[in-house]
Ligand code: FES
């Protein structure tokens, strides 16, 4: 037994016998998640537009003409309401039923799904229970309350919805993969001139690479999900039982494959959080004309 586990327990919030820097992890988690939440709310939900790089911007924040690029910011994908955007499902700027006085972005209709997937993720639960609720702040560190709610009572019972958000997350991953593929399909030539007759050509810019990397990192996070692991093989009681053996062997192979991602779920969670946030930020900065995307071919 290590000296750490043998240390006598002390009572009271923050009380501990630990001498290591136990508070660094929760603090870094708090800062990282806060930065992401502030970005998602303040920039994406309440700053309309800038989810794609259009020609001749006529909006308030425009910084001159930008070369058109086939990118769609991931926080706005799928783009249900997008006016005349080639990414839009419905060629309107907002739904008719939305109150006129309330700001609208298409991201408001969809972000509940990826946000819900992360919010109810088993890893993130551990991370924000510690970093935001100090419940407890870390192992062997005193917490601020005596009672224990657990996750089999309201309100935390709602965390069980994670398995359903997982299905939505897989769908969103497919949409983002399509967007990454579409980011190779340019309406302009290498010099940024629109192709005649609305034509397109294969191309690649820095944004294309970011979108592809983002999809790969999100796939690493999604396919390492505990609910995916249960779905593909974890629900079987026996991988080598005589009945239904083929199905269970396939399940075992899939389960082993998912387990590889699951073993590094925390790392995938942070890397994919960064790539999705940065890809979104990059495209919006280019869309506002503050950054210029580099076309590789
Ligand atoms: Fe983390 Fe499902 S457990 S995404």
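Here, each number is a calculation from the coordinates, and none is a lab measurement. Here the structure is a predicted model, which is why all the values come from computation and not from measurement. Backbone-built Cβ (ideal geometry, glycine too); neighbour counts: all protein chains shown.
Tabulated data for the structure shown
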| quantity | calculated |
| --- | --- |
| Principal-axis tilt of helix 24-38 within the chain, Cα atoms, nearest 10 degrees | 30 degrees |
| Contour minus Cα-Cα distance for residue 159 and residue 285 (0.36 nm per residue) | 41.9 nm |
| Segment residue 194-residue 235, extension gain: residue separation times 0.36 nm, minus the distance between their alpha carbons | 9.5 nm |
| The chain, helix-only ellipticity at 222 nm - DSSP H runs n ≥ 4, -39,500 (n - 2.57), divided by all residues, nearest 500 | -13000 deg cm²/dmol |
| Gain on full stretching of the segment that runs from residue 19 to residue 292 - 0.36 nm per residue minus C-alpha separation | 93.5 nm |
| Overall form of the range 37-181 per C-alpha gyration tensor (a/c, 1.5; a/b vs b/c) | prolate |
| Most to least packed among 38-51, 271-284, 14-27 [average Cβ atoms within 10 Å] | 271-284, 38-51, 14-27 |
| Pairwise label distance in nanometres, residue 122 with residue 175, each label 7 Å out on the Cα-Cβ vector | 2.7 nm |
| Relative contact order of the chain, pairs being alpha-carbon contacts under 8 Å that are 6 or more residues apart, as % | 23 percent |
| Anisotropy class of the chain from Cα gyration tensor, a/c 1.5 cut | prolate |
| Residue 264-residue 204 FRET efficiency (beta carbon distance; Förster radius 35 Å; 0.05 resolution) | 0.75 |
| Spin-label proximity, residue 249 to the range 215-239 - amide N less than 20 Å from point 7 Å beyond Cα toward beta carbon | 232-239 |
